[in-house]
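For reference, the structure discussed in these notes is given below.
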Amino acid sequence: MTNGLYLDDIIRYLFPQVLRAKIDLRLFALAPLTPILGVTLEPNKTATAHHALIKLPYAMITASAVRGAEKVVRPAGFRNNYVRLQSQFVIDDKTNTLRFSDEVTPDEAFVYAIVIHGPKQGDRYRNGFVHIVFLDADGVYLPGRIKLEERFPEVLEEISGVEQIKDNVTVPARTRQQQEADKS
């Protein structure tokens, strides 16, 4: 179709933004639950977008959408800055715990984590996974992750889902000049 957009195309474009808003709202809802937890809205380098930042005494956490559970988040200045702040650590595969290097004192121990989320396989309108991942200094995922959808499936259901309209409705696209002509 030349002079219109299919509603399905609009929903496909808006769905990631709706899902991100739901996740950010859930992150902000965590703040009152404990006095050590803070959530702020931080601008990107050019102040054209913002991200929710969870602050704990020993960690900072942000959330990012990815196309698949194994896909790496796109490079971003704020993520690079947070990774540079973290202490050296490894994830112990046997105990699935973080271990800081011997040089790191308990007061210095600090880690940056990312809540990644993305679509369900075969149903792009539902969230399929929510994982907490950790990055090394090069921005590569470290082995070991926390799969929140396995631990808290009710949260995944709560943030998932956008009503999908099945009709093939079109929304006519009109130029600004056409809209102005309609007004006169």
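The values are calculated or read from the model by the stated rules, or taken from the named source; none is laboratory data. This is a predicted model, so every value here is computed, not measured. Cβ coordinates were reconstructed from backbone atoms using ideal geometry, including for glycine residues, and neighbour counts include every protein chain displayed.
So the values come out like this:
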item: Criterion violated by TYR13 - all others in (1) in contact with a strand residue (DSSP E or B) (Cβ under 6 Å, 6 or more places away or on another chain); (2) free of Cβ contacts under 8 Å to residues at least 60 places away in the same chain; (3) not polar (S, T, N, Q) satisfied; result: (1)
item: Subset of the range 113-140 that is in a strand (DSSP E or B) and more than 15 Å from the chain's Cα centre (by Cα) - its residue that is farthest from PRO16 (Cα to Cα); result: ASP123
item: Every pair of residues 6+ apart whose Cβ atoms lie under 8 Å, when the first sits in the range 48-77 and is exposed (fewer than 12 other Cβ atoms within 10 Å of the Cβ) while the second is β-branched (Val, Ile, Thr) and modelled with pLDDT under 85; result: PRO57/ILE36
item: Pairs with Cβ under 8 Å, 6+ apart, first in the range 81-96 and closer than 14 Å to ILE61 by Cα and surrounded by 11 or more Cβ atoms within 10 Å (Cβ to Cβ), second at pLDDT 75 or above and among the acidic types (Asp, Glu); result: VAL83/ASP136
item: Single match in THR48, THR97 (criterion: at pLDDT 80 or above and on the phi < 0 side of the Ramachandran plot); result: THR48
item: Subset of the range 1-35 (residues that are at pLDDT below 75 and either outside any helix (DSSP H, G or I) or at positive phi (or both)); result: MET1, THR2, ASN3, GLY4, LEU5, TYR6
item: Pair list, Cβ < 6 Å and 6+ apart or interchain, from the range 31-43 residues that are among the hydroxyl-bearing types (Ser, Thr, Tyr) to residues that are surrounded by 10 or more Cβ atoms within 10 Å (Cβ to Cβ) and in a strand (DSSP E or B); result: THR40/LEU53
